[in-house]
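Heads up: the structure comes next, in structure tokens.
The values are calculated or read from the model by the stated rules, or taken from the named source; none is laboratory data. Since this is a predicted model, take the numbers as computed values, not measurements. Note that each Cβ is placed from the backbone with ideal geometry, even for glycine, and that neighbours are counted across all protein chains shown. When the accessible area is computed, the model is the full protein with side chains, heavy atoms only, and any ligands, DNA or RNA have been set aside. Shrake-Rupley method; radii C 1.70, N 1.55, O 1.52, S 1.80 Å.
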Amino acid sequence: MSNSSHDRKGRLSDIPVSILDLAPITVGSTAAESLRNSLDLAQRAEAWGYHRYWLAEHHSMPGIASSATAVVIGHIAGGTAKIRVGSGGVMLPNHSPLVVAEQFGTLESLYPGRIDLGLGRAPGSDPATSQALRRGPGSDGQDFPERLAELRNYFRPAPGSSLAVRAIPGEGLDIPIWLLGSSGFSAQLAAQLGLPFAFASHFAPDYMLPALDLYRGHFRASEVLAEPYAMIGVNVIVADTDEEARRLATSQQQQFLNLIRRRTGKLNPPVDHLDWSLQEQALIERQLSCSAIGSPSTVRDQLQLILEQTNADEIIVAAQVYDHKARLRSYELLAEICSL
């Protein structure tokens, strides 16, 4: 795990830091406000020096506004000038590879050199929603490698092949493809294909280190990458004091508590005390253990520790904060901490 490229990435100031925006719809607000807030954050993130701005595909969730992920990427890319914009991720089993190739080919044609295509193999929703999206028995993700190969072939047709179906726009465009995962499946596939890998440690931290080892240990160089490139998701909330940051973090804790209790809803305002059982608390704290929450000095130390444990090439930060101004402030402080 310790080749030269990883050895020099020992400090926060040495690696790119990016944003994963779940486009939260908060209690008392609308999807329209959420999408305006996302653009506002992206424009500031660009000025603060963040590397990428990614949006995630979730469906049938009252608290997330980025279900039409490619459309929102166009909205963000159109309102910014240089920050990379992409999907973290598009759930490939939900879509025809041709449609994804056309959508991202269009985005790359509109905003050349700035679009990332992060792909996941989970449905990003419940079984009923998956069926509504796919109009038939859903794929369980086992055919993900075949779908991925089909998608990549639309961008780069095999030499001498005459395609009956072509992705226009899309064909011939160089759009970076990332594999996203919360288990070993995508880690191994990314390694085999020589693609960059992003691990969803912000909500599935247990398998993070084994997945990174699997990816790096099995990596094969490709025309895309000469050596492995791994990004990890981290929940980060920065405020002036530890207490204030911990209070802001109760919005995300409530969101996870609702998921455990099989409820969905908008992102709640922070609370002084959470009404949860010891079992629920333990489960949520474990799920959100890849987090850095506190004052700037606390977060700096926590992130440095995570970086030393993972040797990540890049960190992508999620911040489920109820108040938009507090969310902006958190990302502004983080940019200072990381010397962006």
Point-to-point label distance, GLN192-GLN43, nm (Cα→Cβ direction, 7 Å offset): 4.5
Ranked by GNM mean-square fluctuation in the chain (Cα springs under 10 Å), the top entry among LYS325, LYS82, LYS266 is LYS325
In terms of the charge dipole of the chain, which places +1 on Lys and Arg and -1 on Asp and Glu at the beta carbon, the residue among SER339, LEU151, ASN268 farthest towards the positive end is LEU151
For the chain, set up a Gaussian network in which alpha carbons nearer than 10 Å are linked by springs, and say which option among SER183, SER34, SER109 fluctuates the most. SER109
Computed lengthening from ALA282 to GLU336, 0.36 nm per intervening residue step minus Cα-Cα distance: 16.3 nm
Percent of alpha-carbon pairs separated by more than 12 Å within the stretch 41-97: 65
Given 10 °C and 1.306 mPa s, how large is the Stokes-Einstein diffusion coefficient of the stretch 184-253 in µm²/s, with Rh as the Kirkwood radius over Cα pairs? 117
Angle check, please: helix 278-287 long axis (alpha carbons) against the longest principal axis of the chain (alpha carbons), in degrees 0 to 90, nearest 10. 50
Considering only protein heavy atoms, what per residue accessible area in square angstrom results for the chain with a 1.4 angstrom probe? 44
Which FRET efficiency, nearest 0.05, do GLU146 and ILE260 yield, Cβ-Cβ r, R0 45 Å? 0.85
State the volume of the convex hull built on the alpha-carbon positions of the chain, expressed per residue in Å³ and rounded to an integer. 131
Each residue of the stretch 247-253 in turn: what ³J(HN,Hα) in whole Hz from Karplus with 6.51, -1.76, 1.60 and θ = phi - 60°, glycine and Pro shown as x? 5, 4, 5, 5, 5, 5, 4
Report the residue, chosen from SER186, SER162, SER222, that carries the largest GNM mean-square fluctuation when the chain is represented by alpha-carbon nodes joined by springs under 10 Å. SER162
Between the stretch 41-118 and the stretch 266-302, how many Å separate their Cα centres? 27
Carbon plus sulfur fraction of accessible area for the stretch 8-95, probe 1.4 Å, in percent: 55
Based solely on its DSSP helices, what 222 nm [θ] is calculated for the chain when runs of n ≥ 4 H residues each add -39,500 (n - 2.57) and the sum is averaged over all residues, nearest 500 deg cm²/dmol? -13000 deg cm²/dmol
So LEU274 and ALA164, fully extended at 0.36 nm per residue minus their Cα-Cα distance, gain in nm 33.9 nm
Distance histogram in 10 Å bins (all Cα pairs of the stretch 201-340, percent per bin): 11, 38, 32, 15, 4, 0
Is the shape of the stretch 18-163 rounded, prolate or oblate, going by the alpha carbon gyration tensor and its root eigenvalues a ≥ b ≥ c, with a/c under 1.5 for rounded and a/b larger than b/c for prolate? oblate
Run the quick spin-label model on ASP323 and ARG134: label points 7 Å from Cα toward the beta carbon, then report their separation in nm to one decimal. 4.3
Quick one: pull the percent of accessible area on the stretch 170-329 belonging to carbon and sulfur, 1.4 Å probe, ligands and nucleic acids left out. 50
